[in-house]
Amino acid sequence: MSTRPEPAVPSSSSSPAFPDDFIWGAATSSFQIEGSPHADGKSASIWDTFCREPGRIADGSNGDDACDHYVRYTEDVSLMRQLRLAAYRFSVAWTRVKPDGRGPTNEAGLDFYDRLVDRLLAAGITPYPTLYHWDLPQALSDGGGWLNRDTAHAFADYAAAVLDRLGDRVSTWTTLNEPFVSANHGYVTGEHAPGHTSMAEGFTASHHLLLAHGLAGARIRRLAPDARLAIVLNFTPVQPATDSDEDTAAAGRVDDLENRWYADPLAGFGYPDTTADHYGWDRAEVHDGDLALISAPIDLLGVNYYTRQIISAADGARVPDGAPCNTMGWEVHPPSLGALLRTLRDRYPFRSYLITENGAPMPDAARTDDGRIADDDRLAYIRDHLLQVHDAIADDCPVEGYLVWSLFDNFEWAHGYGPRFGIVEVDYATQRRTPKKSALWYADTIAHNRLAPTS
Ligand code: IFM
């Protein structure tokens with residue numbers, strides 16, 4: 001989204017209240033926290049394979065142990081309850097449910113999510129499962145992965161198997177997490193599994209991902225007519241570095257590829273033509289009827305927001321000199337979240353939005369006297385973004401809730417375990433979980449439905 005800069009400090013009161021039905025929660029994903037890569041019939045995903053390729057992961061790590069959530073989920077749900085979370089967004093590992101990607105369902109793998117959902121509901125926490133958060137079965141990747149149209153059909157069958165087991169207890173189904181990252185990092189830059197580097201493949205993968213959403217969405221509507229259907233997109237608002245025609249055009253292309261490429265077809269606007277033509281995409285993958293499937297109405301759009309981008313034609317993306325950044329070098333810029341929500345409100349017909357990810361990796365160096373991580377920077381990040389959400393709601397943006405990324409420190413993909421996004425510290429040697437100062441503040445905020453004081 002191209003957005004205009006806004007003042008850094010919102011004008012509303014310092015401790016505004018949120019709507020009574022505002023949803024407070026946290027998010028994770030299967031590969032990043034579960035561990036237990038071979039338990040109960042699970043097969044390898046593209047990330048299990050990728051982690052074993054030399055040089056792919058910064059610290060040479062993998063997801064074998066991660067946060068051991070597959071084993072410790074009961075303790076983890078108790079912790080969520082202590083933190084007063086009302087919603088928990090997690091993802092289902094396709095490799096646990098359909099080890100070959102398609103074909104017979106592995107009931108033992110589904111048992112885990114069955115137990116997790118029951119535990120969450122018993123704790124008064126609404127489950128928000130995402131069906132795909134990047135861990136494609138290796139067996140499907142061997143057959144072309146997202147370059148193969150059949151993968152989209154396999155995804156719809158897998159989704160139906162999950163619904164068959166959990167559909168009686170889940171009220172909101174999310175198909176994909178961040179298809180831009182799956183297509184771009186997986187097939188264009190090679191930073192993510194399966195590590196390909198082809199712009200043409202990126203276009204093919206992006207369409208098959210959206211097709212997977214459309215096909216699975218149609219199945220979800222049939223199997224669970226009362227449930228809500230959602231997809232989660234990541235948005236990185238874009239501003240040109242100068243008013244020059246070159247910078248404006250470059251920023252527009254980045255905006256199209258990263259922000260509009262998925263939202264536009266979902267909303268029925270089709271793929272951004274100028275940018276498709278600029279890159280010479282011939283749309284050979286787009287069959288008759290695909291765009292109608294993709295644009296079938298959703299009930300909820302999940303919004304993941306972390307940072308903005310300043311784009312110049314000559315240098316690509318850059319961070320303004322002296323701007324505050326997190327430990328991954330991403331600029332901390334809360335006003336762009338408010339601007340993004342207003343842009344979405346004005347541009348699209350989506351009925352409702354949920355902030356499905358927002359958070360920051362911070363140094364986590366300081367500790368309180370009782371040994372807790374004193375992450376005042378993360379706390380400020382969350383608070384400042386929540387202020388933006390609050391003000392956007394006051395401006396008629398239909399945002400129903402906020403899920404912090406992430407509940408736990410976890411496996412941050414190609415960066416390994418270095419960046420720590422959690423509001424709960426995980427000591428990977430002992431698997432001990434300790435809420436950071438930000439987690440206690442968040443619990444206090446949830447308890448009062450307004451931003452808690454900071455100290
Ligand atoms: O950790 C990821 C998550 O899996 C998807 N959204 C962005 C997060 C931070 O990079």
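Of all the strands (runs of 3 or more DSSP E) wholly in region 310-409, which have at least 2 residues that are within 16 Å of the ligand (Cβ to nearest atom) and surrounded by 17 or more Cβ atoms within 10 Å (Cβ to Cβ)? Write out each step before concluding.
Working: elements: 316-318, 353-357, 399-405.
Once the strands (runs of 3 or more DSSP E) in region 310-409 are filtered for at least 2 residues that are within 16 Å of the ligand (Cβ to nearest atom) and surrounded by 17 or more Cβ atoms within 10 Å (Cβ to Cβ), what remains is 353-357, 399-405.
Only a single criterion out of (1) surrounded by fewer than 24 Cβ atoms within 10 Å (Cβ to Cβ); (2) in a helix (DSSP H, G or I) is not satisfied by PHE203, namely (1).
Counting only residues that are surrounded by 22 or more Cβ atoms within 10 Å (Cβ to Cβ) and assigned to a helix (DSSP H, G or I), which one in region 29-49 is farthest from the ligand (Cβ to nearest atom)? Please lay out each step first, then the result.
Initially, region 29-49 is screened for residues surrounded by 22 or more Cβ atoms within 10 Å (Cβ to Cβ), giving 29-34, 37, 42, 45-47.
Among the residues that remain, those that are also assigned to a helix (DSSP H, G or I) are: 30-33, 46-47.
On the way: SER30: 10, PHE31: 8, GLN32: 6, ILE33: 10, ILE46: 14, TRP47: 11 Å.
Top of the filtered list is ILE46.
Given the criteria in contact (Cβ under 8 Å) with a residue 60 or more places away in the chain and touching a His at 6+ places or on another chain (Cβ under 9 Å), does PHE112 qualify? For PHE112, the condition - in contact (Cβ under 8 Å) with a residue 60 or more places away in the chain and touching a His at 6+ places or on another chain (Cβ under 9 Å) - is not met.
Please determine, by comparing only the residues of region 115-166 that are aromatic (Phe, Trp, Tyr) and closer than 27 Å to GLU75 by Cα, which one is nearest to the ligand (Cβ to nearest atom). Walk me through it before giving the result.
Filtering region 115-166 down to residues aromatic (Phe, Trp, Tyr) leaves 128, 132, 134, 146, 155, 158.
Filter once more, keeping what is closer than 27 Å to GLU75 by Cα: 128, 132, 134.
Numbers: TYR128: 14, TYR132: 12, TRP134: 7 Å.
Checked region 115-166; the qualifying residue nearest to the ligand (Cβ to nearest atom) is TRP134.
Within region 206-214, is even one residue within 16 Å of the ligand (Cβ to nearest atom), closer than 22 Å to ARG89 by Cα and either touching a helix residue (DSSP H, G or I) at 6+ places or on another chain (Cβ under 8 Å) or at pLDDT 95 or above (or both)? Yes, that holds for at least one residue. The set of residues in region 425-438 being within 22 Å of the chain's Cα centre (by Cα) and under 17 Å from ASP65 (Cα atoms) consists of GLU425, VAL426.
Within region 84-107, work out how many residues are over 18 Å from THR28 (Cβ atoms) and either surrounded by 14 or more Cβ atoms within 10 Å (Cβ to Cβ) or within 19 Å of the chain's Cα centre (by Cα) (or both). Lay out the reasoning, then the answer.
Taking region 84-107 first, the residues over 18 Å from THR28 (Cβ atoms) are 98-107.
If we keep only those that are either surrounded by 14 or more Cβ atoms within 10 Å (Cβ to Cβ) or within 19 Å of the chain's Cα centre (by Cα) (or both) as well, we get 98-102, 105-106.
Residues meeting the conditions: 7.
Across region 66-80, which residue is farthest from THR189 (Cα to Cα) among those that are under 21 Å from the mean Cα position of the chain (by Cα) and acidic (Asp, Glu)? Only one residue tops the list, namely ASP76.
Yes/no per residue for (1) farther than 19 Å from LEU223 by Cα; (2) more than 16 Å from the ligand (Cβ to nearest atom); (3) out of contact with any Lys or Arg (no Cβ under 6 Å at 6 or more places or on another chain):
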{"residue": "HIS69", "(1), (2), (3)": "yes, no, yes"}
{"residue": "ASP76", "(1), (2), (3)": "yes, yes, yes"}
{"residue": "ASP100", "(1), (2), (3)": "yes, yes, yes"}
{"residue": "GLU107", "(1), (2), (3)": "no, yes, yes"}
{"residue": "TYR113", "(1), (2), (3)": "no, yes, yes"}
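Which one is nearest to GLY359 (Cα to Cα) among residues in region 410-447 that are assigned to a loop (DSSP other than H, G, I, E, B) and of a type in the set (A, V, I, L, M, F, W, C)? Write out each step before concluding.
Filtering region 410-447 for residues assigned to a loop (DSSP other than H, G, I, E, B) gives 410-412, 416-423, 428-431, 436.
Of the ones still in play, those that are also of a type in the set (A, V, I, L, M, F, W, C) are 411, 421, 423, 429.
Working: PHE411: 15, PHE421: 7, ILE423: 9, ALA429: 24 Å.
Only one residue fits best here, namely PHE421.
In the set (1) within 26 Å of LEU110 (Cα to Cα); (2) surrounded by fewer than 18 Cβ atoms within 10 Å (Cβ to Cβ); (3) within 15 Å of the ligand (Cβ to nearest atom); (4) not basic (Lys, Arg), GLU191 fails one condition alone, (1).
Test LEU176 against the stated conditions and say whether it is within 11 Å of VAL97 (Cβ to Cβ) and within 16 Å of the ligand (Cβ to nearest atom). Don't jump to the end; show me each part of the working.
Working: within 11 Å of VAL97 (Cβ to Cβ): no; within 16 Å of the ligand (Cβ to nearest atom): yes.
No, not satisfied.
Please indicate, with yes or no, whether at least one residue in region 413-427 is surrounded by fewer than 17 Cβ atoms within 10 Å (Cβ to Cβ) and under 18 Å from ASP76 (Cα atoms). Checked region 413-427: at least one residue is surrounded by fewer than 17 Cβ atoms within 10 Å (Cβ to Cβ) and under 18 Å from ASP76 (Cα atoms).
The values are calculated or read from the model by the stated rules, or taken from the named source; none is laboratory data. These figures come from a predicted structure and were not determined experimentally. Positions of Cβ are backbone-derived with ideal geometry, glycine not excepted, and every protein chain shown enters the neighbour counts.
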